[in-house]
Every structure is written in structure tokens, then in C-alpha cells.
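S.K.: I am attaching a structure below and will ask some questions about it afterwards.
Only the coordinates and a few stated rules stand behind these numbers; no lab work does. Since the structure is predicted, the reported quantities are computational estimates derived from the model, not experimental observations. Neighbour counts are summed over all protein chains in view; Cβ atoms, including those assigned to glycine, are modelled from backbone coordinates with ideal geometry.
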Amino acid sequence: MANEQDAAFPEPHNSTLRDSVEDARSAARVPDTPQTRSPAYRLAFTDKDFLMREELRPVRLQLELLKPELVMNERGIDSTVVMFGGARIPAPEHKDQAKTPYLASLSQYYAEAELFAEKITQRAVAAYGREYVVCTGGGPGVMEAGNKGAQKAGGQSIGLNIVLPHEQAPNEYVTPALSFNFHYFAIRKMHFLMRAAAITVFPGGFGTLDEMFEALTLIQTKRMQPVPFILFGRAFWDKIVNWDALVEAGTIAPEDLDLITFVETADEALAAIDAFETADPC
């Protein structure tokens with residue numbers, strides 16, 4: 001029978017050569033001596049203290065890039081629909097708990113996010129769960145709405161959480177096998193965009209603005225292929241960003257605004273995605 005130490009390691013891979021899993025198990029059973037108790041004797045890849053040294057940052061960056069990538073490949077996910085939005089946007093039934101009346105009024109976008117995620121996930125299910133998989137930040141607010149809508153449609157959804165001083169557990173609607181946790185914001189944002197077939201942005205705060213403008217910059221500078229880029233809530237976004245002032249100042253080109261589509265409802269967003277896909281590329 002496997003002991004508790006064995007349970008801490010995955011099954012060995014099929015190979016003619018002895019693999020790392022077997023050696024990790026063997027190393028956990030070595031006789032207890034002053035030499036084997038020394039940190040120097042630990043296998044490097046099982047030594048957490050070693051892996052968290054400052055000099056190992058490049059390795060940790062690589063691991064955060066690889067782990068979600070491998071898991072999503074194994075789950076057969078080819079494309080995602082990204083949903084950015086504020087963690088503080090309340091569900092309509094909880095809008096009376098919002099800190100401000102304006103925040104309470106934004107609860108309509110929680111409802112639209114949930115409906116949009118449900119409808120786009122119905123398409124994902126029809127595509128055997130490989131395309132249009134909802135991808136959120138895994139937290140509360142709009143993110144919760146997205147994962148909730150996907151679950152309601154019977155599909156899987158991704159949550160890309162990040163360790164923050166005030167953060168809680170991922171919302172309960174993220175598919176557990178696709179619930180990831182990050183240390184590096186930069187790697188997390190890469191995973192948002194690596195498979196993105198469409199990007200939706202709902203009202204939010206600094207984090208939402210950061211994610212929105214980074215994605216826009218990548219498309220504007222042709223570092224990323226154009227995808228439907230949909231902002232929910234024109235009145236909100238026009239209040240937050242003076243788009244015309246950027247054009248008037250010459251800091252962006254007039255055609256840069258063509259990258260953005262403003263919508264109010266889930267159905268309008270779906271129509272925008274369909275129109276983008278059927279547009280003549282010439």
C-alpha cells in the first residue's frame with residue numbers, strides 16, 4: 001500500500017529511464033542522517049526554499065507560463081472569450097449592499113455578463129468545449145458572473161486568479177481543473193490573451209483598465225491579431241476615458257477607435273462577434 005509520502009507525488013511517466021517522480025519518492029525515504037537533513041542534499045526540483053530564491057525568478061516565470069498552458073492543452077482548449085471587469089460590481093440581488101448608488105446601478109452589467117457567458121458557452125458546448133471557453137480573473141463581481149453563466153450553460157470556464165493581500169478564494173463557479181493561481185501579473189495577462197478569440201470589458205477599476213489598455217496596445221501595435229474588442233456600458237467608458245481627446249491630441253490615430261465596439265447587452269456583444277467573424281478581411 002502507498003504511504004503518505006507516496007501520495008504527495010504523481011504517478012511516474014512511462015519511460016525506459018528512471019524519472020523524477022521515482023527519484024523524489026526514493027529521496028523522501030532516505031535514512032535520517034545529518035547529511036540527508038541538510039538543505040544541500042534535497043533534490044533541487046523538490047526544494048521549495050531553493051525554488052523561491054531570488055536568483056530562481058526566471059525559473060518561476062517559466063513555470064507559471066508552462067503550468068496553465070499544459071493544463072489547457074490537456075483539456076483541449078483552443079480558444080477563449082475573455083471577460084474583464086470589476087470585482088466590486090454587485091449582482092442585481094445584492095445591489096443594495098453597494099457602497100455607492102452609482103456602483104449599485106452597474107449591477108445591470110453583472111446580469112449582462114452572466115447572460116453573455118451563458119450564451120457564448122452554449123456555442124462552446126456545441127464546439128465540444130474546445131472553442132469560446134469563458135476566461136475570467138476568477139474573482140467576484142463581473143468575473144463571478146462570467147463563470148456562473150458558463151456553468152449555467154453546462155460548460156467549463158477558466159479562472160486566472162492572482163495572490164493579493166486582500167484576495168479571497170476563487171469564485172465557486174470556476175471549473176476546478178481550470179482554476180489557476182498566479183504570482184506574476186505579467187504571466188497572468190499573457191494567459192488571458194494567448195487563446196483569446198474575443199475580448200469583452202465590463203465596468204471596473206484599476207485592474208480592469210490595466211488589462212483593457214494592455215490588450216488594446218498589443219492589437220494597435222500589431223503584436224496581437226485583431227479580435228472583437230467589446231466594451232459594455234458606453235456611458236461608463238465615456239465618463240472614464242476621453243477617447244476623442246486622445247484623437248484630438250494626436251496621441252492615437254482616429255482609426256484606433258475602430259478597434260473598439262461599444263455595447264449594452266449580451267445579444268449586442270454576440271452580434272458584434274458574429275459581424276467580426278463574417279467581415280471581409282480585405
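S.K.: Suppose a student asked you for the relative contact order of the chain, using Cα pairs under 8 Å spaced at least 6 residues apart; what percent would you report?
M.R.: About 16 percent, as a whole number.
S.K.: In degrees between 0 and 90, to the nearest 10, how far off the longest principal axis of the chain does helix 142-152 point, with axes built from Cα atoms?
M.R.: With rounding to tens, the tilt is 80 degrees.
S.K.: Here's another thing I want to ask about it. Given 5 Å bins starting at zero, what is the percent of C-alpha pairs of the range 71-155 in each, up to the one with the largest pair distance?
M.R.: Going out from 0 Å in 5 Å bins, the range 71-155 shows 3, 18, 24, 21, 15, 9, 5, 4, 1 percent.
S.K.: To the nearest 20 debye, what is the magnitude of the charge dipole of the chain about its Cα centre, counting +1 on the Cβ of each Lys and Arg and -1 on the Cβ of each Asp and Glu?
M.R.: Once rounded to the nearest 20, the dipole reads 720 debye.
S.K.: Can you give the direction-averaged projected area of the convex hull of the alpha-carbon atoms in the range 65-224, in nm²?
M.R.: For the Cα atoms of the range 65-224, the hull's average projected area reads 9.0 nm².
S.K.: Please determine, in degrees from 0 to 90 and to the nearest 10, the orientation of helix 206-220 with respect to the longest principal axis defined by the Cα atoms of the chain, where the helix direction is its Cα long axis.
M.R.: Roughly 80 degrees, rounded to the nearest 10.
S.K.: Can you return the lysines within cross-link range of Lys239? Criterion is Cα-Cα under 24 Å, with same-chain partners fewer than 8 residues away left out.
M.R.: Cross-link targets: Lys95, Lys99.
S.K.: I've got another one for you. Using the Kirkwood formula on the Cα atoms of the chain, what hydrodynamic radius do you get, in angstrom to one decimal?
M.R.: In the chain this quantity evaluates to 21.1 Å.
S.K.: Work from the charge dipole of the chain (Cβ charges, +1 for Lys and Arg, -1 for Asp and Glu, about the Cα centre) and give the residue of Val30, Phe213, Ser179 farthest towards its positive end.
M.R.: Of the candidates, Val30 comes out farthest on the positive side.
S.K.: Let me ask something else. Give, in nm to one decimal, the length gained when the segment between Arg57 and Asp96 is fully stretched (0.36 nm per residue of separation minus the Cα-Cα distance).
M.R.: Gain in length upon complete extension: 9.6 nm.
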